Structures are given as C-alpha cells and as structure tokens.
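Just below is one structure, and these are the notes that go with it.
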Amino acid sequence: LSNRHVLGLILTYHINYGPSLRNTALIMREVHDVKISHQTVSNYVKYVSHFIEPWLDNYQYEHISENHCCDETYVKVKGKHAYVFFMCDSISKVITSFNFFMKCDTFSDIQAFYLIIRRFKTIPKGLRWKLYL
C-alpha cells in the first residue's frame, strides 16, 4: 500500500458507490493511475473491516430519531442460510445496527432491537418501529 490516500480512495469507491472489486480496481487504474488488482482491493476491504466493525458497533450517534425501520434478509454463508438484520433511522437514513444470525427466531429479533435501544441514553417515549419482513 503506497499511502493512506490510496486506501481511502479504494474504500470510498468500493463502499460508498458499490462497484465490484474488479470495477473498483479499474476505477483506480483509469482515474488515479494506480495499478491495483481486484484481489488487493478485497484484501484491503477485509483488513479494514476488522478494525472498523467494533468501532461502528459501539459508536454513539448524537442525533438518532425516534423513528426506526428494520429489514431482514438472508444470505448464504459457506452453503448455509444466515440472516441479516438491518436497523435504520427513518429520518436520517443512517444504518444504526446490523447483525448476522444463523437462525431467524424470536431471540434474533429481540437481540437486533436491543442493539438499537442501547444507543439511547433514555428510551424515548415516542419510539416507533416499522418492520419490513
């Protein structure tokens, strides 16, 4: 890795705009004249995610509204179904929580909701949820 600026560009393009690993490498080559492979892009993203995830999980948002929405979907992990829960502030559109569970059950739902509620200093009286299942 030549410098932090290159890492920042890779993460910005790949995460914020969502191109594939190959397209991210192509953008870096064509726009910034940085020759990098798609595998290197993947390695950088995985490496940085290990440092950022704990920080994101514990980040205390200052302006979370009382309106949240939740979506649940499934993905395959090593050939098995896993479930992903996304919690989002309906007003600011910030993803405030995401969780992976191997089972979709009541415990998974409660755990996902708890991770949002713990972000509030006090539970707002007008807290509302909209579920997209």
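The values are calculated or read from the model by the stated rules, or taken from the named source; none is laboratory data. What you see is a predicted model; the values in this text were computed from it and never measured. No Cβ is skipped: glycine too gets one built from the backbone with ideal geometry, and neighbour counts run over all protein chains shown. What goes into the accessible areas is simple: the full protein's heavy atoms, side chains included, and nothing from ligands, DNA or RNA. Shrake-Rupley method; radii C 1.70, N 1.55, O 1.52, S 1.80 Å.
Once the C-beta distance of Tyr47 and Ala82 is scaled by a Förster radius of 22 Å, the resulting FRET efficiency is 0.50 to the nearest 0.05.
GNM on the chain, C-alpha springs below 10 Å: top fluctuator among Asn23, Asn99, Asn67? Checking each option, the largest mean-square fluctuation is seen for Asn23. The lysines within cross-link reach of Lys35, meaning a Cα-to-Cα straight distance under 27 Å and a gap of 8 or more places when in the same chain, are Lys46. Note on the chain: with charges restricted to the Cβ of Lys and Arg (+1) and Asp and Glu (-1), its dipole about the Cα centre is near 200 debye. The residues of the range 26-122 have, on average, 69 Å² of accessible surface per residue, using a 1.4 Å probe with all protein chains present. Once backbone amide H atoms are built at 1.01 Å from N, Ser90 has Asn67, His68, Cys69 as its partners under 5 Å, excluding neighbours fewer than 5 places away on the same chain.
In the chain, carbon and sulfur make up what percent of the accessible area (probe 1.4 Å)? Don't skip to the answer; put the middle values down first.
Values: 5530 of 9550 Å².
Percent of accessible area from carbon and sulfur atoms in the chain: 58.
Between His38 and Leu7, the distance separating the two model label sites (each 7 Å from Cα on the Cα→Cβ line) works out to 2.4 nm. The length gained by stretching the chain between Arg22 and Lys93 to full extension, at 0.36 nm per residue less their Cα-Cα distance, is 22.7 nm.
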